[in-house]
Amino acid sequence: MSTPNVELGPWTAVGLVANREVMVKVRSKAFIITTIATLVLLVGFALVMKFVGDGGSDATVGVTKQTEALAAPLKATAGQIGTSVDTKTVDESAGRSQVSDGSLDALVVSDGADGKLTVVVKKDLDGSLRDALTVLAGQVALNKEIVDLGGDPAEVQSSVGQATVDVQPLEEPYPYQQEQLVLGIIAGILIYMSLLLNGQMVATGVVEEKSSRVVELLLSTIRPWQLMVGKVLGIGFVGLVQMVVIGGVGVAAALALDVLSIPASAAIGTVVWLVVWYLLGFVMYSLAFAALGALVSRQEDVGGVTAPALMFVIVGYVIGISVLPSEPDNTLAEILSIIPLFAPTLMPMRLAMGGVPVWEAVVSVGLVLALIPVLVWLAARIYANAVMRSGARVKLKDALRQA
Amino acid sequence: MADGRLEIDHISKRYGDIVALRDTTFDVRAGELFGFVGSNGAGKTTTMRIVLGVLAADSGEVRWAGERITFETRRHIGYMPEERGLYPKMKVGEQLVYLARMHGMSTKDAKASVAEWTERLGVAHRMGDDVQSLSLGNQQRVQLAAALVHDPSILVLDEPFSGLDPIAVDVMSKVLLDKAADGIPVVFSSHQLELVERLCHRVGIIRSGQMVAIGEVDELRSGGAERLVVVAPNAGPGWATGIAGVTVTEQDGAKTVLELDTGADDQAVLAAALATGPVTEFSRLRPTLTELYREVVTQETEEDAA
C-alpha cells in the first residue's frame, strides 16, 4: 500500500483555487468580449474628443469683402465667450451656397455700419454663435459711438480689456474642471461595472460549486475559508488586471492624443485611486456576495439573495452619477462617500472630480480597511455553515448561529 | 494497530429534532470491499460525509489505522459523492489534475495519474471536453477517476453504481475489487443488492441511523431459521403437518416451503415427501441479500411501531 505525500499548505490550497478561477475567467468569452469592448469604447471616446477638439473651431463663419474687417473682432469675441470661430472670406453668392450646403455655419453680409449686422444662415443660428455675433454687433455699435464722440475705439477696448473683477469668495471655491467631471463619470461607471460583474461572478461561482456538488469534493480536502478566499482572490485579481489595463490604456490614449488639458499626474492619480477603490470595494462586496451566494443552491436564486448587497452598490452609483456632475460638492454625496457601504462607488468619482479634502479620502479608506476583517470573519462563518446545506435557501440567521 | 482499517466508532448526528445517526459503528478492513446498504434517508450519506469531514458528528469518532482521522489524513481518502460533483464547464483533464493537486500531488504526478486513470476507465479520449458534454455514464467514470487520481489509501463511494450501464458496472466493479486487492479499505453504498451480494466481502445494513446487521454476506444469509424447499408433484396439502419442529410457510402447487425449528430433522421432511411419491427438488433455501434486507428493515419498523 502506497501512502502518497499529501501535504498541502493552507495558502497553497488558496493559490490553487485562485489559479483555477483566473484560468476559467480569462478564457471565458464574456470576459474577453467585455474587456475588448470597454477598451474600444475608451479609445474611441478619446479619438472623438481629439477629433472634436482638433476641428479647432466650433463654427465656421463666412465674411464678404465688405465685412472682412469683422473677422478678427469676431474671433476675439467668440474666444471671450468660450467658443471658437473660424472665418473665411468669400463672395456673397458663393457664401450663400456654402451656407445652404452646410460648409459654412453663417455668412456675415453687412458690417453693421447702419447699426445692424446681417447674417445669412441655413435655418437658425446656433446659440453660442448667436451670442458671439450679438456681442460683436454691440461692439460695432459702441465703436461707432466712440468714433462719433471723437475717441479711439482701440484705446477704449484695451482699457476695457484691462478692467478686472476682484472676486472675494465667502466659501472656498470648488476646484474642478469639466474634464475632471467627465473623468469622474468614467471612473464611476468603470468601478460600478466591475464591482457589479465581478461581485456577481463570485456569487454565481459559489452557487455553481454548490449546485454541481463539487463543493463536497473540494471541502473533503480543503477548508471552507480556503475555497472562499481563493475564489475571491482569483476573481479579484483578474478584475484588477482588467481595471489596470482599461485605466492604463484609457489614460495612455488620452495623453497620446493630447485630449486632456488637466495635468497627466491628475489623470494617473485618478487611475491609481480607481485601482485602490476597486480593490477595497471588491474585497468588501465579494465577501458579502460569497456569503450570500452560499445560502442558495440554484443559480436562479442568486439574484434574489444578493439583491440587498447589490442595492448599496447601485444606490451609491446612482447618487454619484445623478448628483455629482451638476453638484460636485453635494453634502449627501459627501457624507455617503465616507460611509464604507457607499464609499467604493462614490469616493472614486469624487476623487476623480477633484477637490476632496485629504481627511475625507483617508477616513473613507480607513473605515473600509477596518470593516474588511469583520467581513472576512462574518463571511467565512456564514459560508462555512451554509455551503454544504443544499436544497432550500438557508436562512441568514441559521447560518450565523450555527457554529 | 496499523493495519489500515477504517473504523466508524459510535457516531451520532442530529439535525435539529431528527436523529440521523445513532451510535453507528462498523469497520472496514484493509483489503476489504464493504457494502453499505439501507433505505433512502437511513443515514448512509450522512455517515460517509462524516467520514470525509465535510460534516461534523455530534459524538463518536472515525479512525484510520488506529488513529483518529484528521483533516490531513482525510486527504488519503478517495471520495465519490452521492450526487455527482464536478465543474460542468471545466475540461475533464484539467479538472482531474486540479482535484489531484488539491489532494497534495505535484503537477507532474497529477498529470501522470490522470493519464493512467482516464485510460483505465475508458475516458482518455474525452480529456479535452467539458464535463457537461459527456454522457452521464462517462461523467460517472470521470467522477470515479476523481476519487482515484490522488492514489487514495481509503475509498468511500456513495452510490457509485447508480445509473451505470452493465459494461460500466463491470469496469467499476473491477476497479473496486482491484483497489481492495491492493490492500486498502473500500466502502460503497448501493441499492443494487444483487451487486453488493456478488462483490462485497462484508455488508452492513443501516436503518434509521442504526446498524442493524453487519457481517459477511454468507454469514448473514445463513442466519435466521433454516428453510427448505420441497417440490413433490404428488404431495397433497398437509403432507408435512405433523413432522416435529416443522412449519409450512408457503404451499404453491407442488412446491412447499417449510421452516425448521432449531434441531428439527430435515431428513424426516425428505422421508415424508418421498412417501407421497417422486420428489423433484429438495434444497435448503437461503435468503438472498434482498430478502434478508427486507426482513431486517420491515421487522425493525414493526418493532418501532409497537
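The values are calculated or read from the model by the stated rules, or taken from the named source; none is laboratory data. Just so it is clear, the model here is predicted, and its values are computed rather than measured. No Cβ is skipped: glycine too gets one built from the backbone with ideal geometry, and neighbour counts run over all protein chains shown.
The requirement of being buried (at least 18 other Cβ atoms within 10 Å of the Cβ), over 30 Å from residue B:3 (Cβ atoms) and within 13 Å of chain A (Cβ to nearest Cβ) is fulfilled somewhere in the range B:114-131, by at least one residue.
Only strands (runs of 3 or more DSSP E) wholly contained in the range B:1-50 count here; list those with 2 or more residues that are under 23 Å from residue B:182 (Cβ atoms) and in contact (Cβ under 8 Å) with a residue 60 or more places away in the chain. Full working, then the answer.
On the way: elements: B:6-15, B:18-28, B:33-38.
The strands (runs of 3 or more DSSP E) meeting that bar are B:18-28, B:33-38.
Would you confirm, using the coordinates I've provided, whether residue B:259 is surrounded by fewer than 19 Cβ atoms within 10 Å (Cβ to Cβ), without any contact (Cβ under 8 Å) to a residue 60 or more places away in the chain and under 32 Å from the mean Cα position of the chain (by Cα)? So residue B:259 fits the description; yes. Taking the criterion of being of a type in the set (A, V, I, L, M) and within 11 Å of another protein chain (Cβ to nearest Cβ), the residues of the range A:200-241 that qualify are A:214, A:215, A:217, A:218, A:219, A:222, A:227.
Does residue A:341 satisfy the criteria of being in a helix (DSSP H, G or I) and out of contact with any Asp or Glu (no Cβ under 7 Å at 6 or more places or on another chain)?
Details: in a helix (DSSP H, G or I): no; out of contact with any Asp or Glu (no Cβ under 7 Å at 6 or more places or on another chain): yes.
When the stated conditions are applied, residue A:341 does not pass them.
Of A:212, A:220, all but one fail to be crowded, with 18+ Cβ neighbours inside 10 Å, assigned by TED's automatic domain parsing to the domain that holds residue A:281 and touching a strand residue (DSSP E or B) at 6+ places or on another chain (Cβ under 7 Å); the exception is A:220. No other residue among A:60, A:77 is assigned to a helix (DSSP H, G or I), modelled with pLDDT under 85 and either over 30 Å from the mean Cα position of the chain (by Cα) or not assigned by TED's automatic domain parsing to the domain that holds residue A:290 (or both) apart from A:77. The residues listed here are B:96, B:86; of these, the one that is within 12 Å of chain A (Cβ to nearest Cβ) and at pLDDT 95 or above is B:96.
Scanning the range A:377-403 for residues that are at pLDDT below 90 and of a type in the set (Val, Ile, Thr) yields A:387, A:394.
The conditions of being within 22 Å of the chain's Cα centre (by Cα) and either surrounded by fewer than 23 Cβ atoms within 10 Å (Cβ to Cβ) or more than 11 Å from every other protein chain (Cβ to nearest Cβ) (or both) are met by residue B:148.
Yes/no per residue for (1) crowded, with 17+ Cβ neighbours inside 10 Å; (2) within 11 Å of chain A (Cβ to nearest Cβ); (3) closer than 29 Å to residue B:135 by Cα:
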residue	(1), (2), (3)
B:24	yes, no, no
B:28	yes, no, no
B:48	yes, yes, yes
B:55	yes, yes, no
B:58	no, no, no
B:65	yes, yes, no
B:72	no, yes, no
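With the condition kept exactly as written, say whether any residue in the range B:172-183 is in contact with a Ser or Thr (Cβ under 9 Å, 6 or more places away or on another chain), more than 14 Å from chain A (Cβ to nearest Cβ), crowded, with 20+ Cβ neighbours inside 10 Å and closer than 27 Å to residue A:219 by Cβ. Scanning the range B:172-183 turns up no residue that is in contact with a Ser or Thr (Cβ under 9 Å, 6 or more places away or on another chain), more than 14 Å from chain A (Cβ to nearest Cβ), crowded, with 20+ Cβ neighbours inside 10 Å and closer than 27 Å to residue A:219 by Cβ.
Quick one: is residue A:64 of a type in the set (Ser, Thr, Tyr) and in contact (Cβ under 8 Å) with a residue 60 or more places away in the chain? So residue A:64 fails the test.
The residues in the range A:258-268 that are part of a helix (DSSP H, G or I) and surrounded by fewer than 17 Cβ atoms within 10 Å (Cβ to Cβ) can be counted, and the count is 4. For the range B:1-19, the tally of residues that are modelled with pLDDT under 90 and either over 20 Å from residue B:54 (Cβ atoms) or crowded, with 20+ Cβ neighbours inside 10 Å (or both) stands at 5.
Residue A:271 - would you say it is away from chain B (no Cβ under 14 Å) and farther than 18 Å from residue A:355 by Cα? Before you say what the answer is, go through the steps one by one.
Values: away from chain B (no Cβ under 14 Å): yes; farther than 18 Å from residue A:355 by Cα: no.
No; evaluated as a whole, the condition is false for this residue.
Every residue, every condition in (1) loosely packed, with under 14 Cβ neighbours inside 10 Å; (2) basic (Lys, Arg), yes or no:
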position: A:315; (1), (2): no, no
position: A:318; (1), (2): yes, no
position: A:327; (1), (2): yes, no
position: A:330; (1), (2): no, no
position: A:348; (1), (2): no, no
position: A:355; (1), (2): no, no
position: A:359; (1), (2): yes, no
position: A:376; (1), (2): no, no
position: A:381; (1), (2): no, yes
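Select from the range A:320-351 the residues that are more than 13 Å from residue A:364 (Cβ to Cβ) and of a type in the set (A, V, I, L, M) and list them in ascending order. Hits for the range A:320-351 are A:321, A:323, A:324, A:332.
Can you work out which of the residues in the range B:151-171 that are more than 12 Å from every other protein chain (Cβ to nearest Cβ) and of a type in the set (Asp, Glu) is farthest from residue B:7 (Cα to Cα)? So the residue we want is B:165. What are the residues in the range B:132-145 that are crowded, with 16+ Cβ neighbours inside 10 Å and either more than 20 Å from the chain's Cα centre (by Cα) or among the small types (Gly, Ala, Ser) (or both), if any? Correct list: B:134, B:137, B:138, B:139, B:142, B:145.
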